[in-house]
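I have placed the structure first, in the form of structure tokens, so that the comments after it can refer back to it.
The values are calculated or read from the model by the stated rules, or taken from the named source; none is laboratory data. Here the structure is a predicted model, which means the values were calculated and not measured. In this analysis, Cβ positions are derived from the backbone assuming ideal geometry, glycine residues included, and neighbour counts consider all displayed protein chains.
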Amino acid sequence: MNTAALAPTAGSALGFYLPLAVIPLVAPSASVAGLATGAFLIATVLVELLTPRIVARLGYRRTFAGGLVLLGAPTLVFLRATSAPALIAADAVRGIGFAIAVVAGNALVALVVPAARRGEGVALVGLVSGVCSLTALPAGLWIAHRYGAGPVFVVATLAPLLALAALPFLPDPRPAEPAEPAGHGVAMGWRLPVVFAVCTSAAGVIVTFLPLATPASTATVVLFVQPAVSTLARWAAGRIGDRHGHSRLLVPGVLLAIGGTAALAATGSFAIVLAGATAFGAGFGVLQNVTLALMYERASRSAYSGVSAVWNAAYDLGMAAGAIGFGVLVPATGFAAAFLLTAATMLPALAPARRESARGRNPIATRSELELSR
């Protein structure tokens, strides 16, 4: 694959993760922190579903460029503005840019990786994003506590903009404009995106509220460990899935995510919170790779940008729902009960995960049967 595609992937990941846990620190309240994260992710979801049409009209290079600029430039707003409307509006614009960059990047990688190694190709993108998250999340928090939030926002502005230099080295295929909106067709069955979105809700909770619920030293360590474990688990899931089938990893991934989220309720115990974040990170990494690989497996190549859009929309909608919902719960329940309630809302994901796992182990199922079962 063309490794130049990984540079804008890294730039967009740094632009996303570096300020993610810092913006809540400059927000006037926990509710505004949740709304800012939610605005970013809701804007991301809405634009992700439109991005396949943008790619069809503009090609990958120009689409990438627009996304990186819209993600990076508005971060400068956080240097001066701390009011709720300014934080929410700036994060919404950043969400638009992130949506465009991430959908174009994921689809491009899927196009250039051989089908037999797609799990590993998807995992490689996850590895780049994961390395950025495991360094940027705790580094952003550490820098903000030591030097203030300003340097974090400056670097988060520059990272996506500097990644523009890699765009001339990217391939620039221009797929035919999709005849159907993203979300239609066999690749867009509801179970995999729903399972992923439900479990992703806890990721939005962790990055937004763990710095507020635990001591700074605990949050800094956990925000390093959780994405590190997720990255390793995603890579391992890609290799195992390519060799033995991806669907068998679904249920273990969901169980780990639920158990890990529940353990975060022990906000006063460093050891339990760390163990919970480790378990959640492992389950989340597995689910990231398995759900996306299975969706690509069931799609034609012409539908890859639509697959990327739906998967990323599920990711970001889940994070947004988690951040907003948790922000509403915390004033009434406190942090511990809110973490337990978040884990409880993830339990229904086990049913569709079991169905998808059983389907994957049935070699007789045909494509038409897969469509009818949805």
- prompt: So, in region 35-54, of the ones that are more than 15 Å from the chain's Cα centre (by Cα) and among the β-branched types (V, I, T), which residue ends up nearest to A21 (Cα to Cα)?
  reply: T51
field: Single unsatisfied condition, R57 versus (1) part of a helix (DSSP H, G or I); (2) over 20 Å from the mean Cα position of the chain (by Cα); (3) over 30 Å from P171 (Cβ atoms)
entry: (3)
- request: Identify all residues within region 240-259 that are surrounded by 24 or more Cβ atoms within 10 Å (Cβ to Cβ) and either touching a Ser or Thr at 6+ places or on another chain (Cβ under 7 Å) or of a type in the set (D, E, K, R) (or both); write none if there are none.
  value: L250
query: Under 7 Å by Cβ, and 6 or more places apart or on different chains, what pairs join a residue from region 211-237 that is of a type outside the set (G, A, S) with one that is modelled with pLDDT of 85 or more and not in a helix (DSSP H, G or I)?
result: T214/T267
statement: Residue hits (region 85-112; more than 26 Å from Y296 (Cα to Cα) and touching a helix residue (DSSP H, G or I) at 6+ places or on another chain (Cβ under 7 Å)) are A86, L87, I88, A90, D91, A92, V93, R94
- line: Within region 300-337, the residues that are without any contact (Cβ under 8 Å) to a residue 24 or more places away in the chain and in a helix (DSSP H, G or I) are L329, A332, T333
message: Among the residues that make up region 70-84, is at least one of them touching a helix residue (DSSP H, G or I) at 6+ places or on another chain (Cβ under 6 Å), closer than 26 Å to A321 by Cα and without any contact (Cβ under 8 Å) to a residue 24 or more places away in the chain?
response: yes
message: Considering only residues that are over 21 Å from the mean Cα position of the chain (by Cα), within 19 Å of F326 (Cα to Cα) and assigned to a helix (DSSP H, G or I), which ones fall in region 258-279?
response: A263, V273
query: What do you reckon, is A81 over 22 Å from M319 (Cβ atoms), in a helix (DSSP H, G or I), modelled with pLDDT under 85 and of a type outside the set (F, W, Y)?
result: no
statement: Of (1) closer than 30 Å to A90 by Cβ; (2) at pLDDT below 85; (3) among the aliphatic types (A, V, I, L, M), A179 satisfies every one except (1)
task: Kindly indicate whether any position in region 349-359 is surrounded by fewer than 15 Cβ atoms within 10 Å (Cβ to Cβ) and either at pLDDT below 85 or in contact with a strand residue (DSSP E or B) (Cβ under 9 Å, 6 or more places away or on another chain) (or both).
output: yes
field: In region 1-23, residue modelled with the lowest pLDDT [restricted to those that are crowded, with 24+ Cβ neighbours inside 10 Å and polar (S, T, N, Q)]
entry: T9
message: I need the full set of residues from region 143-157 which are assigned to a helix (DSSP H, G or I) and either buried (at least 17 other Cβ atoms within 10 Å of the Cβ) or free of Cβ contacts under 8 Å to residues at least 60 places away in the same chain (or both), in order please.
response: I143, A144, R146, Y147, P151, V152, F153, V155, A156, T157
message: For the list (1) surrounded by fewer than 24 Cβ atoms within 10 Å (Cβ to Cβ); (2) more than 16 Å from A257 (Cβ to Cβ), I need the number of the one condition that V225 fails.
response: (2)
query: If you scan region 280-299, which residues turn out to be in contact (Cβ under 8 Å) with a residue 60 or more places away in the chain, part of a helix (DSSP H, G or I) and closer than 17 Å to S247 by Cβ?
result: G283, G285, L287, Q288, N289, T291, L292, A293, L294, M295, Y296, E297
